[in-house]
Amino acid sequence: MVTNLPAEAKAAWAKVMEAKTPEEKLRALQEFLSKVPKHKGTENLVHWVRRRIAQLRREIELRKMKERALRSGGGGGRKLTVEKEGDVQLIVVGPPMSGKTALLKCLTNAKVEPDDVPFSNDEPIPGMFIQDEIYFQLVKAPSMMLDDYDSDLNIVTASLIRSADGVILVLDASCTQPDPVSQFKRIYDVLKAHGIYLTKPKALVRIERRHIPGVQIVGKLVNASIDDVKRLLLDYGIQGAVIHIEGEATLDDIEDAIFRDYVYRPCIVLLNKIDLVDEEYVKYVIDQLRTNNVPVIPTSLAYCKIDRKLLAETILKTLDLIRVYTKEPGADTYSPKPFIIRRGATVGDLAKRIHSYLYEHFKYAKVWKKDTFPNMFKRVGLNYELQDNDVVEIHA
């Protein structure tokens, strides 16, 4: 990561952080780039800034196209987001003709047909996959262009992923140029260039700026002190901030986060068209893909040969989500529709989700295991950490 930037470059970056509109940010980035010395130590930063400038130009043009379409009575131009519905939203991505459309046709009621011409469909298409009373919203993204990181289609896909809970990556097992392992690597690299990790990074840092002076670190900082962090932030005009760290972060990781807003979106790989290749080759590809620490499910989507329950369970596990069922006091049984919440959530978190009254007037809760209900419950408080398939009865 960049170090020893001159003071004028750091001051220019402060203007980037203060910019509100895409146009203001574009002008500020251009000024910042002019202040960055060009040498080996700044190569990555310069490359990223130039890419971000190109992305902003495209975003501004896309917005102008949308505004022109609205003024002329059109449909408003290309959509960059899809409003979340259901319990979980996952973006379905992949190269052209890999099976994204087939996945939606197999699992949802979306009216969607394969593209006759690759890259001809640039609109996201949503559909709802329902399994065991859990509603998974699948959004088919435009096909990714693996050789053009900053294409409009990749910008749309990255925007969709940033707003979603996770990613389903559909790869073509029968394709050899590039093969499925190379497909994964290219897509990983494209999305990383847009600030998105598909696998959990060693360090993920988010800087929450505050108007009140002072620096707080939430997480593990290694090989540096909080005073080092304060000095670094002051160099960039940041006097107050909360640094959120997932994993273990160094000072370089924190400096990197000043420039780039990285996010992690868990990924599940569907290896499609396994009926067209040799069984041993499928096993080899799955083994190679799993070295990236992503779950892989082999499928033949043309025949809808996909284990719906396995996919649903894999989504929950990969996204670190649990099912919690609720029961009203005096009722004989619990609601068949579970709440889908983050692992580590407490009874208090669930009470807030249901209604603020239950949290504010909480007395106690009863918790059963779904497979032993209605026997053997525990009486617990607000801070009790919930587990998958708990049944909860809240008393207020």
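The values are calculated or read from the model by the stated rules, or taken from the named source; none is laboratory data. Since this is a predicted model, take the numbers as computed values, not measurements. Cβ placement follows ideal geometry from the backbone for every residue including glycine, while neighbour counts extend to all protein chains displayed.
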Restricting segment 354-379 to residues that are in a helix (DSSP H, G or I) and surrounded by 16 or more Cβ atoms within 10 Å (Cβ to Cβ), the one farthest from the chain's Cα centre (by Cα) turns out to be L358
The residue from I322, I297, I315, I268 that alone is assigned to a helix (DSSP H, G or I), of a type in the set (A, V, I, L, M, F, W, C) and within 23 Å of the chain's Cα centre (by Cα) is I315
Going through segment 228-246 in order, the residues found to be more than 28 Å from the chain's Cα centre (by Cα) and either farther than 17 Å from M17 by Cα or of a type outside the set (A, V, I, L, M, F, W, C) (or both) are D228, K230, R231, D235, G237, Q239
Quick check: is even one residue across segment 70-79 of a type in the set (D, E, K, R), part of a helix (DSSP H, G or I) and modelled with pLDDT under 80?
yes
Mind checking whether some residue in segment 339-347 is in a helix (DSSP H, G or I) and assigned by TED's automatic domain parsing to the domain that holds D388?
yes
Within segment 202-213, residues closer than 23 Å to V16 by Cβ and not β-branched (V, I, T) come out as A203, L204, R206, E208, R209, R210, H211, P213
Picked from segment 171-190 (must be surrounded by 21 or more Cβ atoms within 10 Å (Cβ to Cβ) and touching a residue at least 60 places away in the same chain (Cβ under 8 Å)), the residue farthest from V277 (Cα to Cα) is I187
When restricted to I168, I207, the only residue outside the structural domain of W48 (by TED's automatic domain parsing), at negative phi, under 13 Å from the mean Cα position of the chain (by Cα) and surrounded by 17 or more Cβ atoms within 10 Å (Cβ to Cβ) is I168
Any chance K309 is assigned by TED's automatic domain parsing to the domain that holds L169 and modelled with pLDDT under 95: no
Residues of segment 135-163 being surrounded by 21 or more Cβ atoms within 10 Å (Cβ to Cβ) and under 24 Å from R308 (Cα atoms), in sequence order, are F136, Q137, L138, V139, K140, A141, P142, S143, L160, I161
Reported set for segment 187-198 where residues are modelled with pLDDT under 95 and either over 16 Å from the mean Cα position of the chain (by Cα) or in a loop (DSSP other than H, G, I, E, B) (or both) is H194, G195
Of I243, I238, I254, the only residue that is outside the structural domain of A12 (by TED's automatic domain parsing), of a type in the set (V, I, T) and in a strand (DSSP E or B) is I243
query: Regarding A257, is this residue modelled with pLDDT under 95 and over 24 Å from the mean Cα position of the chain (by Cα)?
result: no
